[in-house]
Amino acid sequence: MAKNTEVLFGLYNDEEVMMRAVKVAKEQHLEIMDVYTPFPVHGLDPILGLEESRLHIAGFVYGMIGTLTAFLGMTWIFTKDWPIVFGGKPYWSVPAFIPITFELTVLFASIGMVVSFYVVCGMGPGVTNAYLDDGITDDKFCIAFNKAEVEVSKVESFLSSTGAAIIKSKTI
Amino acid sequence: MNQYTISGTQRIILLVMIAIGLVSMGLTFIGDDDYHTRFWTNLLHNATFFTGIGLMATFFIAVCITAWAGWSSGFKRVWEAMSAFLGPGLLVLLVIALGTYLHWHHLYHWADESILDPSNPEKFDKILYGKKGFLNKNVYLFGTIIVGLIWYFFRYKLRSLSITEDSDQGHNFSNHRMQRVWAAAFLPIVGFTSAFLIWQWIMSLDSHWYSTMFAWYTGASWFVSMIAFTIILLIYLKGKGYYENITGEHIHDLGKFLFGFSIFWTYLWFSQYMLIWYANVGEETIYFRERHDNYPVLFWGNLIMNFALPFLILMRNDTKRKFGSVSFVATLVIFGHWWDFFQMIKPGALHSAGRHADHFNAGFTLPGFLEIGTAIGFLGFFLYVTFHALSKAALLPKNDPYLEESLHHHV
């Protein structure tokens, strides 16, 4: 989203009403900029026509990197760098490596996904994000339009006819 | 269509499968050693595997009721139908238990009383002498009978309450409250008694060996197979036009169970394996030494079919939802866990029969045609009982308090 976008948005009190409004908007070919909700609303993604997130593919790649780091790292350490005999086991003791391999897989996948998610969403420590209304982190469901790209009067009548409690405009 | 009926062709197919099983068992019995070890191990293998699936179906009904789970109410009749195999399956196990009691077979080394006589140092077995309070024919037979009756009683109770709920008037949920009481009572009972019978039936085949993980490990095998059977039955029934209300959403959740509990099974497998490997105590490592060295195909095939493939295939979101991929994995996993039971049972029984797997032993180092035939027979038997029970009641439990939630289930 570019800086200084003028956004026209409606706030709904109920997710079901908002979902119906999104369907109406799709029928009227209004271009929705985004929908903001306090919690994940089931079934909203397919109505909005959002593509499936690729975050889990990134997660798989991070996990594989973790697996390889742990397994190859331990292999190198215990066979080449600093071989130690533990309880008469061979240097390259695969069963003993499994728990650590598992842990690093989970660690890399989770941290990698969290960091990717924050970067993609433009979030992070010290970053202040522009937001439309306090209510969308509380109890309001927001459908937002980019004012420059839509017919304002048509969107306003759409918002009021589909039951938006508040219709506002804000530059973020 | 809310009422299932077995069609004529279906009945014929299932009866043919049962006939294949009976012929296979007959052929196994004829061409067997003096103890008929191959015959009895096949019987034990399939009886424990399929009875366990029936038990786990009962267990999961109880879990869902206790946990206020609503997503599964729409198809809980499939689990009820699968739990019907508990009766016939336990009867087959009773035959095996009677065989242990009356020495028809020699599956269990501890059942040989001559090794328990301290005055005969030649044959005296000190370890089994120490275990004789638990591993003896009385505990085995009466344990099977008593615990089997308890399981069947709870299965009967939960099923009949579910059936009477259909004709309930007035929606006061008193019936469901009774189900909650019986379900909650069943959970701790099945937890302890299943471990007891798994130790008796399966683990005591390797009678000198024991593992505290074994009951959980076997129970996880049963559970995964039960989920896999549920998926296949639902997809099959949907293909026949039943259960229009059960959608990819339910299959998705069952797919998650299949994925999650395949990993849980692996976790238990590995926990058992690694502790024994690490501690390196001879009496414990022998179990894996035997399987790893003499049965490598069983040992590695088990891990590939039950962990590697389900893990990699079901990792994605859409493979859990697509009927083709999820039913492929479900089929694979059922075969895989049947294979797992094979590798749990056969090496130990071969040992007590006084033979060793230092060379190829048909029916012991790998499942032969007669093993597959016996499994087909038991599969037909299991499905026949399941479909028969399914046809006895409406497919949708119309007064189940969670039915609406289930029909609108969305993940």
The helices (runs of 4 or more DSSP H) lying entirely within the stretch B:113-216 that contain at least 3 residues which are in contact with a Phe, Trp or Tyr (Cβ under 6 Å, 6 or more places away or on another chain) are B:137-166, B:174-201
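Taking the options A:I84, A:I32, name whichever one is closer than 30 Å to A:D139 by Cα and in contact with a Phe, Trp or Tyr (Cβ under 8 Å, 6 or more places away or on another chain). Steps first, please.
On the way: A:I84 fails: closer than 30 Å to A:D139 by Cα.
Matching residue, one of A:I84, A:I32: A:I32.
With the structure loaded, tell me whether A:I84 is more than 14 Å from chain B (Cβ to nearest Cβ) and more than 36 Å from the chain's Cα centre (by Cα) or whether it fails that test.
On the way: more than 14 Å from chain B (Cβ to nearest Cβ): yes; more than 36 Å from the chain's Cα centre (by Cα): yes.
Yes, satisfied.
Scan the helices (runs of 4 or more DSSP H) fully inside the stretch B:272-386 and keep the ones with 3 or more residues being out of contact with any Ser or Thr (no Cβ under 8 Å at 6 or more places or on another chain) and farther than 23 Å from B:I198 by Cβ. Walk me through how you get there before you give the answer.
Working: elements: B:282-294, B:296-303, B:309-313, B:317-321, B:323-352.
So the answer is B:317-321, B:323-352.
Take A:P99 and decide whether it is touching a helix residue (DSSP H, G or I) at 6+ places or on another chain (Cβ under 9 Å), of a type outside the set (S, T, Y), under 30 Å from B:V281 (Cβ atoms) and within 11 Å of chain B (Cβ to nearest Cβ).
Working: touching a helix residue (DSSP H, G or I) at 6+ places or on another chain (Cβ under 9 Å): yes; of a type outside the set (S, T, Y): yes; under 30 Å from B:V281 (Cβ atoms): yes; within 11 Å of chain B (Cβ to nearest Cβ): yes.
So A:P99 passes the test.
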Quick check: anything in the stretch B:356-378 surrounded by 16 or more Cβ atoms within 10 Å (Cβ to Cβ), small (G, A, S), closer than 30 Å to B:C64 by Cβ and away from every other protein chain (no Cβ under 14 Å)?
yes
A:G112 meets each of (1) surrounded by 14 or more Cβ atoms within 10 Å (Cβ to Cβ); (2) small (G, A, S); (3) out of contact with any helix residue (DSSP H, G or I) (no Cβ under 6 Å at 6 or more places or on another chain) with one exception, condition (3)
Looking at the stretch A:116-134, is at least one residue more than 13 Å from chain B (Cβ to nearest Cβ), polar (S, T, N, Q) and under 30 Å from B:N280 (Cβ atoms)? no
Result of the Cβ filter at 9 Å on the stretch A:33-62, keeping first residues that are within 11 Å of chain B (Cβ to nearest Cβ) and among the small types (G, A, S) and partners that are in a loop (DSSP other than H, G, I, E, B) and surrounded by 14 or more Cβ atoms within 10 Å (Cβ to Cβ), at least 6 apart or interchain, is none
Condition set away from every other protein chain (no Cβ under 14 Å) and part of a helix (DSSP H, G or I), scope the stretch B:393-410, selection surrounded by the fewest Cβ atoms within 10 Å (Cβ to Cβ): answer is B:E404
Checked B:A69, B:A19, B:A84 against criteria (under 27 Å from B:T247 (Cβ atoms), in contact with a helix residue (DSSP H, G or I) (Cβ under 8 Å, 6 or more places away or on another chain) and modelled with pLDDT of 95 or more); the one match is B:A84
Quick check on the stretch A:105-113. Is at least one of its residues in contact (Cβ under 8 Å) with a residue 40 or more places away in the chain, farther than 30 Å from A:T37 by Cβ and among the β-branched types (V, I, T)?
yes
The one condition B:I61 fails out of (1) in contact with a helix residue (DSSP H, G or I) (Cβ under 8 Å, 6 or more places away or on another chain); (2) surrounded by fewer than 24 Cβ atoms within 10 Å (Cβ to Cβ); (3) within 19 Å of B:H176 (Cβ to Cβ) is (2)
Considering the stretch B:243-274, residues that are among the hydrophobic types (A, V, I, L, M, F, W, C) and within 10 Å of chain A (Cβ to nearest Cβ), and then whichever is surrounded by the fewest Cβ atoms within 10 Å (Cβ to Cβ), we arrive at B:M274
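Inside the stretch A:128-141, can you point out the residues that are in contact with a helix residue (DSSP H, G or I) (Cβ under 9 Å, 6 or more places away or on another chain) and over 13 Å from A:K170 (Cα atoms)?
Initial filter on the stretch A:128-141 (in contact with a helix residue (DSSP H, G or I) (Cβ under 9 Å, 6 or more places away or on another chain)): A:129, A:131, A:140-141.
If the condition is that a residue be in contact with a helix residue (DSSP H, G or I) (Cβ under 9 Å, 6 or more places away or on another chain) and over 13 Å from A:K170 (Cα atoms), then A:N129, A:K140, A:F141 are the ones that fit.
The values are calculated or read from the model by the stated rules, or taken from the named source; none is laboratory data. Not measured: the values here are computed from a predicted model. With ideal geometry, Cβ positions are generated from the backbone for all residues, glycine too; neighbour counts draw on all protein chains shown.
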